[in-house]
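Participant: Have a look at the structure that comes next, please.
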Amino acid sequence: MPDRDILDLEHFLPYRLSVLSNRISQDIARLYADRFELGITEWRVLAVLGRRDGLSAREVAERTAMDKVAVSRAVASLQAAGRIERETHGDDRRRSVLRLSPAGRAIYEDVAPMALAYQRRLLEGLDETQRAALFRLLDLMEEREAATRA
């Protein structure tokens, strides 16, 4: 029998990135889940709209690389809770855009500093050169991933 490559998950980059991402997302979720009754998907939608109002649900899904159905459910939940508002876009009644409501903006402004403080704690063991290298490498990996989809 010929030698085969063996998939060692502990050294498989996509697996390690996924596990790390899940752990970080769950840690950050603890900061806002109980206090604001938000799940990870709802927070990500709020975070994207907090940075840039006026996006469609499709654009939010693209920016977060989340499933469109999950984003749609999060949008419906946030809208029902009065945290986001949906408006038709100009003359095109088929396209709607999302904006944070005042209540949604208040949540974003409470949670964003907590998330940034979490990031600072996560990165505090790295010096400035290491942080810059980390972000450069992540950018390169995102570019490579995008190129493999093209």
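Participant: What residue, of Ala117, Ala133, Ala106, is closer than 25 Å to Asn22 by Cβ, within 19 Å of the chain's Cα centre (by Cα), part of a helix (DSSP H, G or I) and among the small types (Gly, Ala, Ser)?
Facilitator: On inspection, the qualifying residue turns out to be Ala117.
Participant: May I pose another question? Determine if segment 41-53 includes at least one residue that is of a type in the set (Phe, Trp, Tyr), modelled with pLDDT of 90 or more and more than 15 Å from Ile107 (Cα to Cα).
Facilitator: No; the residues of segment 41-53 include none that is of a type in the set (Phe, Trp, Tyr), modelled with pLDDT of 90 or more and more than 15 Å from Ile107 (Cα to Cα).
Participant: Name the residue, out of Leu31, Leu38, that is closer than 16 Å to Ala115 by Cβ, modelled with pLDDT under 90 and touching a Phe, Trp or Tyr at 6+ places or on another chain (Cβ under 8 Å).
Facilitator: Going through Leu31, Leu38 in turn, the sole match is Leu31.
Participant: Yes or no: Arg136 at pLDDT 95 or above and either surrounded by 12 or more Cβ atoms within 10 Å (Cβ to Cβ) or aliphatic (A, V, I, L, M) (or both)?
Facilitator: Criteria not met by Arg136.
Participant: What's the number of the condition Ala76 fails, among (1) under 25 Å from Ala146 (Cα atoms); (2) part of a helix (DSSP H, G or I); (3) of a type outside the set (Asp, Glu)?
Facilitator: Going through (1) under 25 Å from Ala146 (Cα atoms); (2) part of a helix (DSSP H, G or I); (3) of a type outside the set (Asp, Glu) one by one, Ala76 breaks only (1).
Participant: So which residues in segment 103-119 are surrounded by 11 or more Cβ atoms within 10 Å (Cβ to Cβ) and either among the aliphatic types (A, V, I, L, M) or at pLDDT below 90 (or both)?
Facilitator: Listed by number, the residues that qualify are Ala103, Ala106, Ile107, Val111, Ala112, Met114, Ala115, Ala117.
Participant: Can you name the condition, by its number, that Gly82 falls short on among (1) surrounded by 15 or more Cβ atoms within 10 Å (Cβ to Cβ); (2) outside any helix (DSSP H, G or I); (3) modelled with pLDDT of 90 or more?
Facilitator: Every listed condition holds for Gly82 apart from (1).
Participant: Hey, can you tell me all the residues within segment 120-130 that are surrounded by 12 or more Cβ atoms within 10 Å (Cβ to Cβ) and more than 19 Å from the chain's Cα centre (by Cα)?
Facilitator: Leu126, the sole residue that qualifies.
Participant: Additional query: Among the numbered criteria (1) within 20 Å of the chain's Cα centre (by Cα); (2) touching a residue at least 12 places away in the same chain (Cβ under 8 Å), which single criterion is violated by Arg95?
Facilitator: With (1) within 20 Å of the chain's Cα centre (by Cα); (2) touching a residue at least 12 places away in the same chain (Cβ under 8 Å) applied to Arg95, the lone miss is (1).
Participant: Condition first: acidic (Asp, Glu), free of Cβ contacts under 8 Å to residues at least 24 places away in the same chain and part of a helix (DSSP H, G or I). Now tell me which residues in segment 1-37 satisfy that.
Facilitator: Glu10, Asp34 - these are the residues of segment 1-37 that are acidic (Asp, Glu), free of Cβ contacts under 8 Å to residues at least 24 places away in the same chain and part of a helix (DSSP H, G or I).
Participant: Just to verify a result, which residue in segment 38-69, among those that are free of Cβ contacts under 8 Å to residues at least 24 places away in the same chain and not in a helix (DSSP H, G or I), is nearest to the chain's Cα centre (by Cα)?
Facilitator: Here is the first cut: in segment 38-69, the ones free of Cβ contacts under 8 Å to residues at least 24 places away in the same chain are 40, 48, 51-52, 58-59, 61-65, 67-69.
Within this subset, residues satisfying the condition of being not in a helix (DSSP H, G or I) are 52, 65, 67.
Numbers: Arg52: 13, Ala65: 8, Asp67: 11 Å.
Across segment 38-69, the extreme among qualifying residues is Ala65.
Participant: Separate question: May I ask you to list the residues in segment 7-54 that are in contact with a Leu (Cβ under 8 Å, 6 or more places away or on another chain), of a type in the set (Phe, Trp, Tyr) and closer than 22 Å to Val71 by Cβ?
Facilitator: Across segment 7-54, the qualifying residue is only Tyr32.
The values are calculated or read from the model by the stated rules, or taken from the named source; none is laboratory data. In this text the structure is predicted, and so the values were computed from the model without any measurement. Reconstructed Cβ throughout: ideal geometry from the backbone, glycine too, with neighbour counts over all protein chains shown.
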